[in-house]
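Below: the structure, in structure tokens.
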Amino acid sequence: MDDFSWAVALLVFAAYTSIDWLFTIYTIAIVERNKFRAANFGVGIYILGAFGVINYVGDWRYVIPMCLGGWVGTYVSVWHETVKDKRNATVKGTG
């Protein structure tokens, strides 16, 4: 249990933040029926997910940065898509 590493915890956090961001892009690609893009993002999700699983199976404490990373990734990706939508609406409205 004393093998916990803050560096690994930070990597797990970053991995799961990225996974949630990828899930947003993946979902958009599916809705747009973009098979190639969706498949590529799906692979990225599994690769990063495997990294997290390998670490938290060895020590349950890595679940905490995993969950925090997931929360941050979802929040930031939805915020980013909202900003993009507003920007696109403004550009279309002025043209």
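The values are calculated or read from the model by the stated rules, or taken from the named source; none is laboratory data. None of the values given here were measured: they were computed from a predicted structure. Positions of Cβ are generated from backbone atoms using ideal geometry, with glycine treated the same way; all protein chains shown enter the neighbour counts.
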Of all residues making up the stretch 1-18, the number that are loosely packed, with under 12 Cβ neighbours inside 10 Å and free of Cβ contacts under 8 Å to residues at least 24 places away in the same chain: 3
Determine whether Tyr62 is under 21 Å from Ser5 (Cα atoms), in contact (Cβ under 8 Å) with a residue 12 or more places away in the chain and of a type in the set (Phe, Trp, Tyr). yes
Is there a residue being crowded, with 17+ Cβ neighbours inside 10 Å, free of Cβ contacts under 8 Å to residues at least 24 places away in the same chain and either in a loop (DSSP other than H, G, I, E, B) or at negative phi (or both) anywhere in the stretch 19-36? yes
By residue number, the members of the stretch 48-63 that are assigned to a helix (DSSP H, G or I), closer than 11 Å to Ala9 by Cβ and modelled with pLDDT of 80 or more are Arg61, Tyr62, Val63
Unique residue being touching a Phe, Trp or Tyr at 6+ places or on another chain (Cβ under 7 Å) and surrounded by fewer than 18 Cβ atoms within 10 Å (Cβ to Cβ) when the list is Asp59, Asp85: Asp59
